[in-house]
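Read-outs: derived from the displayed coordinates by stated rules, not from any lab. Here the structure is a predicted model, which is why all the values come from computation and not from measurement. Here Cβ is always computed from backbone atoms with ideal geometry, including for glycine, and neighbour counts include all displayed protein chains.
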Amino acid sequence: MQYQRIRITAEILTVIILIFFAWAALRPAQQKDEHYTLDQDRIVYDGQVFKNKFNGQGTLKLKKGDRYHGRFKDGRFDGQGTFISNSGWKFEGHFSKGQVTGRGKLTTAKDKVYQGEFANGNFKQAKKTKN
């Protein structure tokens, strides 16, 4: 009788422990706000992180003065954002997988403006429409 009571108690404890560890292993990862300094303080990131990658809204600053503020996905620029170069040019618009792709506005260091569609970092000339 005593043996059976110990066995049932041990089985219940084992099931509780298994449920706890299964919950801990399978619970959804949480997006959180983080501050990172990388590469001996040459890169500073403030923003959202998910599964140890930059994901969501954030700001990335490089030691030479370049900076990006906008959306990240899997550690790359992805979505709306603004990149400002230390050499004076600025891009405001859409990024995809780290590339300037979609609608945007590029302002050069000499204040020349290219506005419209970009594909893989290149400005696409506006197409003429027939009337």
**OP:** Quick one: give the max-minus-min coordinate of the C-alpha atoms of region 1-51 along each principal axis, largest first, in Å.
**Re:** 68, 21, 11
Original post:
Loop-only check: which trypsin sites (Lys or Arg not before Pro) in region 1-78 are DSSP coil with at most 16 other Cβ within 10 angstrom?
Top reply: Arg42, Lys51, Lys63, Lys64
**OP:** Quick one: check the C-alpha center-to-center distance for region 27-56 versus region 1-20, whole angstrom.
**Re:** 42
Subject >> About the Cα centre, charge dipole magnitude for region 46-131 (Lys/Arg +1, Asp/Glu -1 at Cβ), debye >> reply: 240
Subject >> Helix axis angle, 2-26 relative to the chain longest principal axis, alpha carbon, degrees >> reply: 0
**OP:** Grab the DSSP H runs of the chain that are 4 residues or longer, score each as -39,500 (n - 2.57), total them, divide by all residues and round the 222 nm result to the nearest 500 deg cm²/dmol.
**Re:** -7000 deg cm²/dmol
Original post:
What net charge is computed for the residues neighbouring Ser96, neighbours being all others with C-beta under 10 Å from the C-beta of Ser96, Lys and Arg scored +1, Asp and Glu -1?
Top reply: +2
Original post:
Could you put Thr101, Thr82, Thr14 in order, starting from the residue whose Cβ has the fewest other Cβ atoms within 10 Å?
Top reply: Thr14, Thr82, Thr101
Original post:
Which residue, Asp111, Asp66, Asp78, has the most motion in a Gaussian network model of the chain that connects Cα atoms within less than 10 Å?
Top reply: Asp111
Original post:
List the GluC sites (Glu not before Pro) in region 25-131 that DSSP assigns to loop (not H, G, I, E or B) and whose Cβ has at most 10 other Cβ atoms within 10 Å. Which are they?
Top reply: none
Original post:
Please report, for the Cα atoms of the chain, the Rg to one decimal and the Dmax as a whole number; what are they, in angstrom?
Top reply: 25.1, 94
Subject >> Debye-sum result for region 46-119 in log10 I(q)/I(0), which assumes one identical scatterer on each alpha carbon, at q = 0.23 Å⁻¹ >> reply: -1.00
